[in-house]
Amino acid sequence: MVMSAQQPEDDVYTHGHHESVVRAHASRTAENSAAFVLPHLTPGSTLLDVGCGPGTITCDFAALVSPGKVTGLDRSPDIIAQAQALAMEREVPNVEFVAGNIYDLDFADETFDVVHAHQVLQHLTDPVEALREMRRVAKPGGIVAVRDADFHGMSWYPDFPELDEWMDLYQRIARRNGAEPDAGRRLVSWAQAAGFADVAPTSSNWLYATAQQRRWQARVWGERVLHSAFAEQALEYGFANPADLARISAGWHRWGSTDDGWFLIPNGEVIARA
């Protein structure tokens, strides 16, 4: 296996693991975030969920492939501990969570029927190498399934200059980290570069347009702008000052209090056959 010159311990995670980030990730389910994978899951299948985060999607997968075994992998031991606690709370017996390196997966070749990564490739300095490694551990005829948002494809209403500032700042921080925030539109290209010949693309959205959804989205990002690794990096890189972040956060809350607000997040999806 060809190793990436830069390993994930050197990759900088733009979001970090502030409580507001983990809370947002814990709202994700197989139904609302991985529906494109569900037709490919059968009882008895083995599945690896790379970048599993707090484990909500992973535990859903485990229920769907039972008695098949599901493994969730994340680089953060603290997040792995949270995922393990969730599995115990839900009494999911066929899932395990381990800390690991996406560029150097500690599994033999051709181990899993399904290898999945949700909102992971956009944060990597070498997404193609990560896909090659995911392909290595997939069984012949198995699938690698990835889904990533496309930040420049996001749209919102009403227009708030603070949200334009947020988008510009996010793009600058992510690219400073060597990552690609507009990953969704690049998934087909990356999969082809990783050696996949059979690539099936789809897309789906997250929409925040009800009063409850608007308040939730505004609260999540209002906090992240001020307190997460995003805020720390914005200050460290000299891209913003505390007053800038306070203004952007307030803009998120103003958007969240509108009666007609709309925020659309498009996601690219790929099913690639090994």
Net charge contributed by nearby residues that have their C-beta within less than 9 Å of residue 57 (K/R +1, D/E -1): -1
Using all alpha carbons of segment 190-230, what is the percent of pairwise distances in each 5 Å bin, ordered from the shortest bin to the longest? 5, 17, 14, 11, 11, 10, 13, 14, 5
Hull surface over four for the Cα convex hull of segment 68-146, reported in nm², is 5.4
Please determine, in degrees from 0 to 90 and to the nearest 10, the orientation of helix 242-256 with respect to the longest principal axis defined by the Cα atoms of the chain, where the helix direction is its Cα long axis. 80
Order of 146-155, 110-119 by packing, highest average Cβ count within 10 Å first? 110-119, 146-155
Relative packing of 49-55, 96-102, 209-215, which averages over residues the other C-beta atoms within 10 Å, highest first: 49-55, 96-102, 209-215
Alpha carbons only, please: Rg and Dmax for segment 151-274, in angstrom. 16.5, 49
Express in nm, to one decimal, how much length is gained between residue 200 and residue 108 on full extension, taking 0.36 nm for each residue of separation and deducting their alpha carbon distance. 30.6 nm
Kindly work out what percent of the DSSP beta bridges joining two residues of the chain are antiparallel, to the nearest 5. 50
Distance between modelled label sites at residue 232 and residue 250, nm, 7 Å Cα→Cβ extension: 2.6
Taking protein heavy atoms only, a 1.4 Å probe, and rounding to whole percent, the accessible area of segment 105-200 owed to carbon and sulfur comes out at 45
With the 1.4 Å probe rolled over protein heavy atoms, the chain has an accessible area per residue in Å² of 42
Taking only Cα atoms, what is the 0 to 90° angle, nearest 10, from helix 56-65's long axis to the longest principal axis of the chain? 30
If r is the Cβ-Cβ distance from residue 81 to residue 101 and R0 is 22 Å, what FRET efficiency results, to the nearest 0.05? 0.80
Roughly how many nanometres apart are two label points built 7 Å out from the Cα toward the Cβ at residue 209 and residue 262? 0.6
Cα-only radius of gyration and Dmax that characterise the chain, units Å: 18.4, 53
Gyration tensor verdict on segment 174-247 (Cα atoms; rounded if a/c is under 1.5, prolate if a/b is larger than b/c, oblate otherwise): oblate
Counting Lys and Arg as +1 and Asp and Glu as -1 over every other residue whose Cβ sits under 15 Å from the Cβ of residue 253, the net charge comes to +2
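The values are calculated or read from the model by the stated rules, or taken from the named source; none is laboratory data. The structure displayed is predicted, hence computed values, not measured ones. Because the Cβ atoms are built from the backbone with ideal geometry, glycine has one as well, and the counts that use them run over all protein chains shown. In case anyone asks, the SASA skips ligands and DNA or RNA and just uses the protein heavy atoms, side chains included. Shrake-Rupley method; radii C 1.70, N 1.55, O 1.52, S 1.80 Å.
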